[in-house]
Amino acid sequence: MHWIVCPDEKAQARACAAIIAAQVLQKPSSALGFATGSSPLKTYAELIELKRQGVVSFSQVMTFNLDEYVGLPCGHPQSYCRFMWDNLFTGMDMREEQVHIPNGMAADLDAECRAYEQAIADAGGIDLQLLGIGHDGHIAFNEPGAEFSRFTHVETLNARTVEANKRFFESADDVPRTALSMGVGSIMRARRILLTAYGKDKAEIIREAFLGPVTPALSASILQFHSDCTIVLDREAAGSLG
Ligand code: GLP
């Protein structure tokens, strides 16, 4: 694993954006995996700035998002689809046909999961996958469990995740209890991984996930076995690494 510890959140976002931009400069038709949540937000703003400066173009990329709530249409303000268009895709002038996000409104969710895996395979696999990490160590929505999930699937969110994500909704009751999520296997098949986290409240889980044992009780820990995984942190999130 490669570690990059940045002095602050701004430098961290710039580092992540630079890595993603370099990937696209080297392979303009890259398949990029994107994440939602607060961790990648500033990275997305930096990417839009790099586009504005003419450094990078997403005109040929394909994108695959990690997850989506079940039951929220793309127009819903808290859907991950809407998050991505508002925070990245519109600013990068992306066309709908370039973008893949699991459809949480699909009538047959299992068929949607299978089709999503097929779409990733048809694109030749993901070149670079951006990840955040949940407070319980989840990546995408892969909650602590007895085994690592292999493929995109329907996941039931645990109470801690509902609690963490309720800040985006009116109340905890409004947070969907299920989501479609790429599996840990789907993520591990990406050729490169870029995980980003900032702030004190992620310091302990970063230490446990990457210096502790590899276990499905903490799905991010399997990234220790990925051959090309870069972790980009600010000083606070790196604070428990010793
Ligand atoms: C959600 C998402 C994850 C994300 C996590 C952490 O549960 N499904 O992909 O990594 O939240 O979010 P944040 O970056 O806001 O801490």
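The values are calculated or read from the model by the stated rules, or taken from the named source; none is laboratory data. Computed from a predicted model, the values in this text were never measured in an experiment. Ideal geometry is used to build each Cβ from the backbone, glycine not excepted, and the neighbour counts take in all protein chains shown. Side chains included, ligands, DNA and RNA excluded: accessible areas come from the protein's heavy atoms. Shrake-Rupley method; radii C 1.70, N 1.55, O 1.52, S 1.80 Å.
Quick look at the numbers
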read-out: For the chain, share of DSSP beta bridges that run antiparallel, in % to the nearest 5; value: 25 percent
read-out: Packing rank of 157-168, 141-152, where each peptide gets the mean count of other beta carbons within 10 Å, highest leading; value: 141-152, 157-168
read-out: Shape of region 67-126, Cα gyration tensor, a/c cut at 1.5; value: oblate
read-out: Residue-averaged [θ]222 nm for the chain, counting only DSSP H segments that reach four residues, each worth -39500 (n - 2.57); value: -8500 deg cm²/dmol
read-out: Unpaired by the 4.7 Å Cβ criterion, cysteines found in the chain; value: 6, 16, 113, 229
read-out: Alpha-carbon gyration tensor eigenvalues x 5, square-rooted, for region 77-168, Å; value: 22, 19, 14
read-out: Most to least accessible of 109, 195, 211 (protein chains only, probe 1.4 Å); value: 211, 109, 195
read-out: Cα-derived Rg over Rh, computed across the chain with Rh taken as Kirkwood radius; value: 0.93
read-out: Sequence-separation-based contact order of the chain, relative, with Cα cut under 8 Å and 6+ spacing, percent; value: 25 percent
